[in-house]
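For reference, the structure is listed below as structure tokens.
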Amino acid sequence: MRDVETTRAVIGIDYSPHMLDKCREIWRSYPKKLVLLLDDFEKLQKLEKVLRREHGPAVFICLSNTLGNLPSERRKKAVAKIGTVARPGDLVIFALYKRVAGRKQYTEEIKYYKKYYRTLETVVKAIYGIHATYKYDETGHDILVGTNEEPIFISHRWAKGEIAALFSSTCLRLEDILEGDYTFFSIGKKF
Ligand SMILES: C[S@@+](CC[C@H](N)C(=O)[O-])C[C@H]1O[C@@H](n2cnc3c(N)ncnc32)[C@H](O)[C@@H]1O
């Protein structure tokens, strides 16, 4: 935590200009330097250039289960990409939603976050002209929202062993997994 407080700058990445504007708004009350990049975190082209000019250690932070919003075949690739951009000693922290109590939990979660999921319903209606369908895929352990044919939203639920596998073929070493009620915080280091 002390390292985070002494950080010189924070770099935020999103491919949505709207989300970067939101971040800029919130950041006004915070004294650190902020660099926002309209970049694809599966490619990290702009970040790579910015980091070439920066010295000292970096911490790569990915919150709100963002990695779990990717289809399974792209999750490991995205982590591997972060591993290639990071320099030895750099840390990565991923917040990943836990796979907890089976299907019932997800049904309740969808009810609880109704307002949030309603935004997705609006998107499905606008694109496909139909009501959104909700599914919990028990094989992939994903909440899927979209149409019967095509999900437009994926929220994966993670098991601990799976997180270890996520790191295993990258140049990031998994150092620790901190377990909260609903979230795993996985901490890795570039070697
Ligand atoms: C779950 S939200 C997280 C929002 C916020 N950054 C946070 O940590 O609370 C996921 C964000 O990732 C962005 N996103 C999804 N895929 C992306 C990609 N390939 N490259 C860059 N941003 C992406 C979305 O636009 C969305 O704002």
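A simple rule links phi to the HN-Hα coupling: the Karplus curve 6.51 cos²θ - 1.76 cosθ + 1.60 with θ = phi - 60°, which for segment 74-84 gives 9, 5, 5, 4, 5, 5, 4, 4, 4, x, 7 Hz, with x for Gly and Pro. Going through segment 1-85, which chymotrypsin sites (Phe, Trp or Tyr not before Pro) have at most 14 other Cβ atoms within 10 Å and a DSSP loop state? Taking segment 1-85 and a limit of 14 other Cβ atoms within 10 Å, the loop chymotrypsin sites (Phe, Trp or Tyr not before Pro) found are Y15. Among the GluC sites (Glu not before Pro) in segment 55-113, none is located in a DSSP loop while being surrounded by at most 12 other Cβ atoms within 10 Å of its own Cβ. Inter-part distance, segment 172-191 to segment 30-93, computed on C-alpha centroids, equals 15 Å. Loop-located GluC sites (Glu not before Pro) in segment 123-170 (DSSP state not H, G, I, E or B) with no more than 13 neighbouring Cβ atoms inside 10 Å: E138, E149. Mind listing P(r) for segment 1-110? All alpha-carbon pairs, 5 Å bins, whole percents. Final binned percentages: 2, 9, 17, 22, 20, 13, 8, 5, 2, 0. Along the chain, counting only trypsin sites (Lys or Arg not before Pro) with a DSSP assignment other than H, G, I, E or B and at most 16 other Cβ atoms inside a 10 Å radius, the longest segment between sites is 100-191. Across segment 54-69, computed HN-Hα scalar couplings (Karplus, 6.51 cos²θ - 1.76 cosθ + 1.60, θ = phi - 60°) run 9, 10, x, x, 10, 10, 9, 10, 10, 9, 6, 6, 4, 5, x, 7 Hz from first to last residue, x flagging Gly and Pro.
For K189, go through the lysines and keep the ones whose alpha-carbon is under 28 Å away, minus same-chain ones fewer than eight residues off. The reachable lysines, counting only those whose Cα sits under 28 Å from K189, are K32, K33, K43, K46, K49, K76, K77, K81, K98, K160. Estimated from helices alone, the mean residue ellipticity of the chain at 222 nm is -11000 deg cm²/dmol (sum of -39500 (n - 2.57) over DSSP H runs with n ≥ 4, per residue).
Residue by residue, segment 163-176 carries 3J(HN,Hα) couplings of 5, 4, 5, 4, 8, 4, 9, 10, 9, 10, 9, 6, 8, 6 Hz when phi is fed to the Karplus relation 6.51 cos²θ - 1.76 cosθ + 1.60 (θ = phi - 60°); x denotes Gly or Pro. Remark: the chain projects, on average over all directions, an area of 11.9 nm² (convex hull of Cα atoms). Annotation: lysines with alpha-carbon distance below 21 angstrom to K125 (same-chain offsets under eight excluded): K111, K114, K115, K135. Proximity of backbone amide H atoms, modeled 1.01 Å from N, is registered between T183 and K98 at under 5 Å, excluding neighbours fewer than 5 places apart on the same chain.
Once you treat every alpha carbon in segment 103-156 as an equal point and sum by Debye, what is log10 I(q)/I(0) at q = 0.13, 0.16 Å⁻¹? For segment 103-156, the Cα-only Debye profile gives -0.28, -0.43. Close amide-amide hydrogen proximity is noted between D40 and Q45, K46, each under 5 Å apart and 5 or more residues distant or on a separate chain (H modeled in the peptide plane; Pro and chain starts excluded).
Each reported figure results from applying straightforward, stated rules to the coordinates on display, with no laboratory input. Quantities reported herein were computed from a predicted structural model and do not represent experimental measurements. Glycine gets a Cβ as well: all are built from the backbone with ideal geometry, and neighbour counts include every protein chain shown.
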